[in-house]
Each structure stands twice: as structure tokens, then as C-alpha cells.
Amino acid sequence: MDTKPSTSGLSENAVMITRVADRQWHALDDDVVVGRGYAKHRPDGRLFVSIDAWHDAAFDRLAEAMSAALPAPLYTVVDEADVELTAGWQRAGFTIRRREWEYAVPTDPRVTGLDEVLPPPGVTIVPAGQADEGLLRAVDRAIRDQVEATIGWQSMPAEVIPRPENDTIVDPSKYAVAAASDHYLGLIRVVTVKRPRIGLVAVRAGEQRRGIARSLLAHALGTLHNSGFAEAWTEVHESNRPATALFEGAGARPMSSNLELVR
């Protein structure tokens, strides 16, 4: 996690930068570590950087050294409320690429208004853990291809869960699907670690605007409610109006926003 720089305590000339491992740097002041920098490829192939430093001098020297050593483009993510950290990355030549809102989503059907939502005729919801893996991978691939052909997959929430190369289904048991007789029309992924997170809701292009996404969300939230969870969480790109309408229509509340910056 990035740590905001402070403007006092070090002079820039006192800071020494050393590369301590592959994609890891330390900032040293009189042999004392005063900052750390990290770089890591995400599964979508992009290279993300982060810096832990309490002083502007250490932050700036680390950002300079990492930018010089790593291939462009470089990306980082910051909490939009952290103005100082955002300013630090902008001093290093990073610019804001996208804004993503984090929502808290209620699960109680009496709150969401989804208690009587049913899938359209000819469509059934297959609960998580019961989907046919081959059909699941087919609908996932079709949806990813259609996103890449239109707005581009990089406009979707960044995927951070490691997965084998070219395998976009991390754990088939986490997906519920909307099914027709011989193929799947859409999917929703819910992963629970410390709290439930809705990582993806998507429907094939030719099947959109039929209420399938709303039916998938109703199913997922109802399942979480029955399991004792009062809320789920999700992230939505600010330009994704259909997703914003879907979640806000279910009573979701924006809690914070993250900025993705690029150099």
C-alpha cells in the first residue's frame, strides 16, 4: 500500500536509493530504511507500482529510480481522498487515467427492492458451485471478447487475483450464471474473504436489456442475505452508467473512490 509522503525530516541529497531485489527498492538515510518501492505485474499484464515513504524526498527519489528502471507504461492506484499521495505521484509524472467508485450494497431484499425479481422467460439462474464449467468458460470468454472489442477490458475493474496464464476463471465455484437451454447468457462472481465482494456482473451483448443482470444480482444478494451478510461490496468505473444504475437501483451507497494513475 502506498504511504503518503511528509514534507519534513529529510533532505533530498541525504537519500540513497538501492535496488534490493527484483522490482523492490529501498530509500536509505544514513543506512536507515526510510522508504520502500515495489512493482508487480497484474494478471492483465499491466505493471503497477507502489511506494511506502513518510517523506517527500524519499518518495520522490524512489519514484524517480523506479520510473527510470521499469518499462513504461507504469500504473498506480490511490485513494482519491489522499491528496498528498496523489500529488506525489503527479510530481513523478503520473496522470489520472480513471476513477473507480467503491459501493456498499445492501443484501436485504426489503431494502434492495429485488425480492420479487425473476429472470425473463426461458432463463434460469444456476447457483454458484453448480454451473457447468465448460459452458461457464464459454460465456466468460464471449463476454471478455465483446468487452475487448468495444470499450476495452482495461476499462473494467482491475483484476488482482493471480491466475494461470490465459485462464480467466479463477474458481468456477464462485460464479452463478443465467442459463438458457444449451448455453449461458450471463454470470456474476462473488468472492468472500473478509467481506463479500461482487467482482463481475456481465451479460452477453445480444441478451442485454432483458433484466438478466438484475436477476443475477437479486440472486447473489439474496444468497448472501440468507448466509448472514448484511452488505456486499463492489467497484464500478465512473463511466459505466449501466453498472452504476444497476447497483444504485438496488440501494448501493458510494463509500469511497480510487484513482488509477499512469505514467
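Being within 16 Å of residue 92 (Cα to Cα) and open to solvent by 60 Å² or more (accessible area, probe 1.4 Å): is that true of residue 72 here?
Yes, satisfied.
One line per residue, one yes/no per condition, for (1) surrounded by 13 or more Cβ atoms within 10 Å (Cβ to Cβ); (2) closer than 14 Å to residue 214 by Cα; (3) touching a strand residue (DSSP E or B) at 6+ places or on another chain (Cβ under 7 Å); (4) among the small types (Gly, Ala, Ser):
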| position | (1), (2), (3), (4) |
| --- | --- |
| 103 | yes, no, yes, no |
| 111 | yes, no, no, no |
| 114 | yes, yes, no, no |
| 117 | yes, yes, no, no |
| 122 | no, no, no, yes |
| 131 | yes, no, yes, yes |
| 140 | yes, no, yes, no |
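Can you tell me how many residues within the stretch 80-101 are under 20 Å from residue 234 (Cα atoms) and open to solvent by 40 Å² or more (accessible area, probe 1.4 Å)?
The number of residues fulfilling the criteria is 5.
Which fully enclosed helices (runs of 4 or more DSSP H) of the stretch 16-122 have 3 or more residues being within 30 Å of residue 227 (Cα to Cα)?
By residue number, 109-112.
Filter the stretch 158-184 for residues that are of a type in the set (A, V, I, L, M, F, W, C) and in contact with a Lys or Arg (Cβ under 7 Å, 6 or more places away or on another chain); which is modelled with the highest pLDDT?
169
If you take the residues of the stretch 27-64 that are surrounded by fewer than 16 Cβ atoms within 10 Å (Cβ to Cβ) and of a type in the set (Asp, Glu), which of them is modelled with the lowest pLDDT?
Taking the candidates together, the pick is 44.
The values are calculated or read from the model by the stated rules, or taken from the named source; none is laboratory data. Everything numeric in this text was worked out from a predicted model, so none of it was measured. For neighbour counting, all protein chains shown are included, and Cβ atoms are generated from backbone atoms with ideal geometry for every residue, glycine included. Heavy atoms of the whole protein, side chains included, go into the accessibility calculation; ligands, DNA and RNA do not. Shrake-Rupley method; radii C 1.70, N 1.55, O 1.52, S 1.80 Å.
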